Amino acid sequence: MSVVLVTGGSRGIGRAIVEEFVAEGYRVAFTYAGNVEAARALEERAAGYQADVRDFDRAQQVVKEVEAALGPIQVLVNNAGIRKDSALYNMDPAAWREVLDTNLTGVFNYTRVLIKDFLRRQGCVINVTSVSGIMGMSGQTNYSASKAGVIGFTKALAREVARFGVRVNAIAPGFIETDMTSSMDENTRKKLYSQIPLGQPGTAKQVARAAVYLASGDAAYITGQVLTMDGGLS
Ligand code: NAP
(Lines give C-alpha, C1' and ligand atoms only; values in the text may rest on other atoms or scores of the structure.)
Protein backbone atom coordinates (compact mmCIF):
# COMPACT_ATOMS: atom_id res chain seq x y z
CA MET A 1 0.00 0.00 0.00
CA SER A 2 1.17 3.53 -0.74
CA VAL A 3 3.13 5.68 1.68
CA VAL A 4 2.06 9.27 2.41
CA LEU A 5 4.02 12.03 4.12
CA VAL A 6 1.98 14.90 5.58
CA THR A 7 3.76 17.99 6.90
CA GLY A 8 2.14 19.64 9.93
CA GLY A 9 0.07 16.52 10.54
CA SER A 10 -0.33 16.64 14.30
CA ARG A 11 -3.27 19.06 14.55
CA GLY A 12 -6.13 20.57 12.56
CA ILE A 13 -6.40 19.94 8.83
CA GLY A 14 -3.13 17.98 8.71
CA ARG A 15 -4.31 15.66 11.44
CA ALA A 16 -7.58 14.99 9.59
CA ILE A 17 -5.55 14.29 6.44
CA VAL A 18 -3.40 11.79 8.35
CA GLU A 19 -6.52 10.11 9.78
CA GLU A 20 -8.30 9.84 6.43
CA PHE A 21 -5.26 8.38 4.65
CA VAL A 22 -4.84 5.87 7.51
CA ALA A 23 -8.53 4.94 7.18
CA GLU A 24 -7.98 4.36 3.46
CA GLY A 25 -5.18 1.88 4.26
CA TYR A 26 -2.17 4.05 3.37
CA ARG A 27 0.98 3.92 5.51
CA VAL A 28 1.27 7.45 6.85
CA ALA A 29 4.08 9.58 8.28
CA PHE A 30 3.67 13.14 9.47
CA THR A 31 5.80 16.00 10.73
CA TYR A 32 5.09 18.61 13.39
CA ALA A 33 6.84 21.64 14.84
CA GLY A 34 6.90 21.38 18.61
CA ASN A 35 3.60 20.21 20.09
CA VAL A 36 4.80 16.78 21.19
CA GLU A 37 1.61 16.00 23.13
CA ALA A 38 -0.63 16.41 20.07
CA ALA A 39 1.73 14.30 17.98
CA ARG A 40 1.89 11.48 20.57
CA ALA A 41 -1.87 11.09 20.45
CA LEU A 42 -1.60 10.23 16.75
CA GLU A 43 1.52 8.09 16.84
CA GLU A 44 -0.32 4.82 17.41
CA ARG A 45 -1.74 5.14 13.91
CA ALA A 46 1.00 7.02 12.04
CA ALA A 47 4.72 7.74 12.32
CA GLY A 48 5.47 11.20 13.74
CA TYR A 49 8.66 13.22 13.16
CA GLN A 50 9.43 16.48 14.90
CA ALA A 51 10.81 18.62 12.09
CA ASP A 52 10.57 22.31 11.29
CA VAL A 53 9.54 22.59 7.61
CA ARG A 54 11.83 25.60 7.28
CA ASP A 55 14.88 23.35 7.69
CA PHE A 56 15.97 21.77 4.38
CA ASP A 57 18.59 19.46 5.93
CA ARG A 58 16.01 18.13 8.36
CA ALA A 59 13.61 17.53 5.47
CA GLN A 60 16.27 15.35 3.82
CA GLN A 61 16.75 13.38 7.07
CA VAL A 62 13.01 12.93 7.62
CA VAL A 63 12.42 11.62 4.11
CA LYS A 64 15.30 9.15 4.55
CA GLU A 65 13.95 7.96 7.91
CA VAL A 66 10.36 7.64 6.68
CA GLU A 67 11.43 5.64 3.65
CA ALA A 68 13.65 3.36 5.76
CA ALA A 69 10.71 2.70 8.09
CA LEU A 70 7.71 2.60 5.75
CA GLY A 71 9.03 2.30 2.18
CA PRO A 72 9.11 4.75 -0.75
CA ILE A 73 6.86 7.79 -0.34
CA GLN A 74 4.32 8.14 -3.17
CA VAL A 75 2.21 11.03 -1.89
CA LEU A 76 3.47 14.27 -0.34
CA VAL A 77 0.96 16.56 1.34
CA ASN A 78 2.49 19.96 2.09
CA ASN A 79 0.13 21.16 4.79
CA ALA A 80 2.21 22.83 7.53
CA GLY A 81 1.36 26.51 7.83
CA ILE A 82 1.08 29.40 10.25
CA ARG A 83 -0.36 32.89 10.29
CA LYS A 84 1.02 36.01 12.00
CA ASP A 85 -1.56 38.64 11.13
CA SER A 86 -1.21 42.40 11.38
CA ALA A 87 -1.75 45.48 9.27
CA LEU A 88 1.22 45.95 6.95
CA TYR A 89 2.22 49.27 8.55
CA ASN A 90 2.70 47.38 11.81
CA MET A 91 4.13 44.17 10.47
CA ASP A 92 7.34 43.02 12.06
CA PRO A 93 9.84 41.93 9.36
CA ALA A 94 10.35 38.77 11.43
CA ALA A 95 6.63 37.94 11.09
CA TRP A 96 6.92 38.42 7.32
CA ARG A 97 9.90 36.08 7.11
CA GLU A 98 8.49 33.45 9.46
CA VAL A 99 5.25 33.12 7.50
CA LEU A 100 6.95 33.07 4.09
CA ASP A 101 9.61 30.61 5.28
CA THR A 102 7.08 28.22 6.82
CA ASN A 103 4.24 28.39 4.31
CA LEU A 104 6.20 28.74 1.07
CA THR A 105 9.80 27.66 1.62
CA GLY A 106 8.48 24.70 3.62
CA VAL A 107 6.62 23.56 0.50
CA PHE A 108 9.79 24.00 -1.57
CA ASN A 109 11.90 22.05 0.95
CA TYR A 110 9.89 18.83 1.08
CA THR A 111 8.98 18.88 -2.61
CA ARG A 112 12.59 19.55 -3.59
CA VAL A 113 13.78 16.57 -1.53
CA LEU A 114 11.22 14.17 -3.03
CA ILE A 115 10.70 15.35 -6.59
CA LYS A 116 13.58 13.45 -8.24
CA ASP A 117 12.32 10.15 -6.87
CA PHE A 118 8.73 11.08 -7.79
CA LEU A 119 9.83 11.45 -11.43
CA ARG A 120 10.86 7.80 -11.32
CA ARG A 121 7.88 6.46 -9.42
CA GLN A 122 5.04 8.80 -10.47
CA GLY A 123 4.48 10.37 -7.07
CA CYS A 124 1.85 12.95 -6.36
CA VAL A 125 2.08 16.33 -4.59
CA ILE A 126 -0.82 18.05 -2.81
CA ASN A 127 -0.27 21.54 -1.41
CA VAL A 128 -2.59 23.13 1.13
CA THR A 129 -2.94 26.79 0.18
CA SER A 130 -5.81 29.12 1.17
CA VAL A 131 -8.52 31.39 -0.23
CA SER A 132 -6.40 34.10 1.32
CA GLY A 133 -3.93 33.48 -1.53
CA ILE A 134 -6.70 33.83 -4.11
CA MET A 135 -8.76 36.79 -2.90
CA GLY A 136 -6.38 38.41 -0.37
CA MET A 137 -7.38 39.06 3.24
CA SER A 138 -6.93 42.31 5.10
CA GLY A 139 -4.29 41.98 7.82
CA GLN A 140 -2.73 38.98 6.07
CA THR A 141 -0.30 40.40 3.49
CA ASN A 142 2.36 37.91 4.60
CA TYR A 143 -0.03 34.96 4.72
CA SER A 144 -1.79 35.86 1.44
CA ALA A 145 1.56 36.34 -0.31
CA SER A 146 2.80 32.97 0.95
CA LYS A 147 -0.37 31.16 -0.15
CA ALA A 148 -0.45 32.89 -3.56
CA GLY A 149 3.17 31.75 -3.86
CA VAL A 150 2.11 28.16 -3.19
CA ILE A 151 -0.44 28.43 -6.02
CA GLY A 152 2.23 29.69 -8.45
CA PHE A 153 4.58 26.93 -7.29
CA THR A 154 1.86 24.30 -7.81
CA LYS A 155 1.03 25.42 -11.34
CA ALA A 156 4.65 25.79 -12.45
CA LEU A 157 5.72 22.43 -11.04
CA ALA A 158 2.65 20.70 -12.49
CA ARG A 159 3.77 21.77 -15.99
CA GLU A 160 7.37 20.84 -15.29
CA VAL A 161 6.72 17.26 -14.20
CA ALA A 162 3.52 16.25 -16.00
CA ARG A 163 5.42 14.39 -18.74
CA PHE A 164 6.79 12.08 -16.04
CA GLY A 165 3.27 11.25 -14.86
CA VAL A 166 3.68 13.29 -11.67
CA ARG A 167 0.61 15.28 -10.61
CA VAL A 168 0.76 18.46 -8.53
CA ASN A 169 -2.42 20.05 -7.17
CA ALA A 170 -3.48 22.38 -4.39
CA ILE A 171 -6.46 22.67 -2.08
CA ALA A 172 -7.55 26.18 -1.06
CA PRO A 173 -9.73 25.98 2.04
CA GLY A 174 -11.75 28.93 3.26
CA PHE A 175 -12.54 29.06 6.98
CA ILE A 176 -12.07 25.67 8.60
CA GLU A 177 -12.53 25.19 12.33
CA THR A 178 -9.09 24.41 13.78
CA ASP A 179 -6.70 25.95 16.33
CA MET A 180 -5.68 28.42 13.60
CA THR A 181 -9.19 29.91 13.36
CA SER A 182 -10.14 29.52 17.03
CA SER A 183 -7.21 31.79 17.90
CA MET A 184 -8.96 34.69 16.08
CA ASP A 185 -10.96 37.03 18.28
CA GLU A 186 -14.65 36.15 18.53
CA ASN A 187 -15.92 39.29 16.75
CA THR A 188 -13.61 38.98 13.75
CA ARG A 189 -14.53 35.33 13.45
CA LYS A 190 -18.27 36.01 13.55
CA LYS A 191 -17.92 38.79 10.99
CA LEU A 192 -15.90 36.60 8.64
CA TYR A 193 -18.26 33.63 9.01
CA SER A 194 -21.26 35.85 8.20
CA GLN A 195 -19.73 36.43 4.74
CA ILE A 196 -19.71 32.73 3.81
CA PRO A 197 -22.51 32.05 1.29
CA LEU A 198 -23.02 28.50 2.62
CA GLY A 199 -23.39 30.06 6.07
CA GLN A 200 -20.84 28.12 8.10
CA PRO A 201 -17.15 27.20 8.30
CA GLY A 202 -15.94 23.94 6.80
CA THR A 203 -14.47 20.94 8.58
CA ALA A 204 -10.96 19.54 8.51
CA LYS A 205 -12.44 16.20 7.44
CA GLN A 206 -13.94 17.75 4.29
CA VAL A 207 -10.50 19.05 3.30
CA ALA A 208 -8.96 15.68 4.12
CA ARG A 209 -11.43 13.83 1.87
CA ALA A 210 -10.43 16.15 -0.99
CA ALA A 211 -6.76 15.28 -0.37
CA VAL A 212 -7.57 11.55 -0.47
CA TYR A 213 -9.44 12.09 -3.75
CA LEU A 214 -6.59 14.07 -5.35
CA ALA A 215 -4.13 11.31 -4.40
CA SER A 216 -6.36 8.59 -5.84
CA GLY A 217 -6.61 7.07 -9.31
CA ASP A 218 -9.96 8.85 -9.69
CA ALA A 219 -7.98 12.09 -10.02
CA ALA A 220 -5.47 10.65 -12.52
CA TYR A 221 -6.31 13.31 -15.14
CA ILE A 222 -6.15 16.26 -12.72
CA THR A 223 -2.99 18.32 -12.38
CA GLY A 224 -2.07 21.99 -11.89
CA GLN A 225 -5.44 22.66 -10.24
CA VAL A 226 -6.47 24.58 -7.16
CA LEU A 227 -9.53 23.02 -5.55
CA THR A 228 -11.24 25.81 -3.63
CA MET A 229 -13.29 24.68 -0.62
CA ASP A 230 -14.65 27.84 0.93
CA GLY A 231 -18.44 27.61 1.09
CA GLY A 232 -18.60 30.07 -1.81
CA LEU A 233 -16.57 32.78 -0.06
CA SER A 234 -14.26 33.62 -2.96
P1 NAP B 1 -3.16 24.37 12.91
O2 NAP B 1 -4.38 23.77 13.51
O3 NAP B 1 -2.54 25.57 13.53
O4 NAP B 1 -2.05 23.20 12.75
C5 NAP B 1 -0.83 23.52 12.14
C6 NAP B 1 0.01 22.27 11.99
O7 NAP B 1 1.22 22.64 11.32
C8 NAP B 1 0.43 21.67 13.32
O9 NAP B 1 0.56 20.27 13.16
C10 NAP B 1 1.80 22.31 13.55
O11 NAP B 1 2.66 21.55 14.40
C12 NAP B 1 2.34 22.34 12.14
N13 NAP B 1 3.39 23.33 11.95
C14 NAP B 1 3.32 24.68 12.16
N15 NAP B 1 4.51 25.25 11.89
C16 NAP B 1 5.34 24.25 11.49
C17 NAP B 1 6.69 24.18 11.10
N18 NAP B 1 7.48 25.26 11.05
N19 NAP B 1 7.22 22.96 10.79
C20 NAP B 1 6.46 21.84 10.84
N21 NAP B 1 5.17 21.84 11.21
C22 NAP B 1 4.62 23.03 11.53
O23 NAP B 1 -3.42 24.80 11.39
P24 NAP B 1 -4.60 24.37 10.38
O25 NAP B 1 -5.71 25.32 10.54
O26 NAP B 1 -4.84 22.91 10.47
O27 NAP B 1 -3.89 24.70 8.99
C28 NAP B 1 -3.26 23.70 8.20
C29 NAP B 1 -2.96 24.28 6.83
O30 NAP B 1 -4.19 24.71 6.24
C31 NAP B 1 -2.06 25.52 6.86
O32 NAP B 1 -1.21 25.51 5.74
C33 NAP B 1 -3.05 26.66 6.77
O34 NAP B 1 -2.45 27.81 6.25
C35 NAP B 1 -4.07 26.07 5.84
N36 NAP B 1 -5.39 26.69 5.92
C37 NAP B 1 -6.12 26.69 7.07
C38 NAP B 1 -7.38 27.31 7.08
C39 NAP B 1 -8.23 27.32 8.32
O40 NAP B 1 -9.27 28.01 8.29
N41 NAP B 1 -7.91 26.62 9.38
C42 NAP B 1 -7.87 27.90 5.94
C43 NAP B 1 -7.10 27.88 4.78
C44 NAP B 1 -5.87 27.27 4.78
P45 NAP B 1 2.62 21.74 16.03
O46 NAP B 1 1.38 21.02 16.50
O47 NAP B 1 3.86 21.10 16.51
O48 NAP B 1 2.55 23.22 16.27
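The values are calculated or read from the model by the stated rules, or taken from the named source; none is laboratory data. Source: prediction; values computed, not measured. In this analysis, Cβ positions are derived from the backbone assuming ideal geometry, glycine residues included, and neighbour counts consider all displayed protein chains. For accessibility, only protein heavy atoms count, side chains too; no ligands or nucleic acids. Shrake-Rupley method; radii C 1.70, N 1.55, O 1.52, S 1.80 Å.
Filtering the range 1-43 to residues that are touching a helix residue (DSSP H, G or I) at 6+ places or on another chain (Cβ under 6 Å), within 24 Å of residue 181 (Cα to Cα) and charged (D, E, K, R) leaves 11, 20.
Taking residue 220 as the residue in question, decide whether it is of a type in the set (Gly, Ala, Ser), away from the ligand (no atom under 12 Å from the Cβ) and crowded, with 16+ Cβ neighbours inside 10 Å.
It is false that residue 220 is of a type in the set (Gly, Ala, Ser), away from the ligand (no atom under 12 Å from the Cβ) and crowded, with 16+ Cβ neighbours inside 10 Å.
Only residues that are assigned to a loop (DSSP other than H, G, I, E, B) and of a type in the set (A, V, I, L, M) were counted in the range 182-234, giving 6.
Taking the criterion of being small (Gly, Ala, Ser) and more than 9 Å from the ligand (Cβ to nearest atom), the residues of the range 1-27 that qualify are 2, 23, 25.
For the range 186-200, the criterion of being within 11 Å of the ligand (Cβ to nearest atom), within 20 Å of the chain's Cα centre (by Cα) and surrounded by 12 or more Cβ atoms within 10 Å (Cβ to Cβ) is met by no residue.
Take residues that are away from the ligand (no atom under 13 Å from the Cβ) and either in contact with an Asp or Glu (Cβ under 7 Å, 6 or more places away or on another chain) or modelled with pLDDT of 95 or more (or both) and tell me which of the helices (runs of 4 or more DSSP H) falling wholly in the range 65-166 contain 3 or more. Of the helices (runs of 4 or more DSSP H) lying wholly inside the range 65-166, those with at least 3 residues that are away from the ligand (no atom under 13 Å from the Cβ) and either in contact with an Asp or Glu (Cβ under 7 Å, 6 or more places away or on another chain) or modelled with pLDDT of 95 or more (or both) span 93-100, 106-121, 141-161. The single residue among 175, 153, 164 that is surrounded by fewer than 15 Cβ atoms within 10 Å (Cβ to Cβ) and touching a helix residue (DSSP H, G or I) at 6+ places or on another chain (Cβ under 7 Å) turns out to be 164. Candidates are the residues of the range 64-105 that are among the hydrophobic types (A, V, I, L, M, F, W, C) and under 17 Å from residue 10 (Cα atoms); the one that is most open to solvent (accessible area, probe 1.4 Å) is 82.
Would you mind stating whether residue 30 is buried (at least 24 other Cβ atoms within 10 Å of the Cβ) and away from the ligand (no atom under 12 Å from the Cβ)? No, not satisfied. Taking the criterion of being surrounded by fewer than 16 Cβ atoms within 10 Å (Cβ to Cβ) and in contact with a helix residue (DSSP H, G or I) (Cβ under 9 Å, 6 or more places away or on another chain), would at least one residue in the range 44-53 satisfy it? Checking the range 44-53: at least one residue is surrounded by fewer than 16 Cβ atoms within 10 Å (Cβ to Cβ) and in contact with a helix residue (DSSP H, G or I) (Cβ under 9 Å, 6 or more places away or on another chain).
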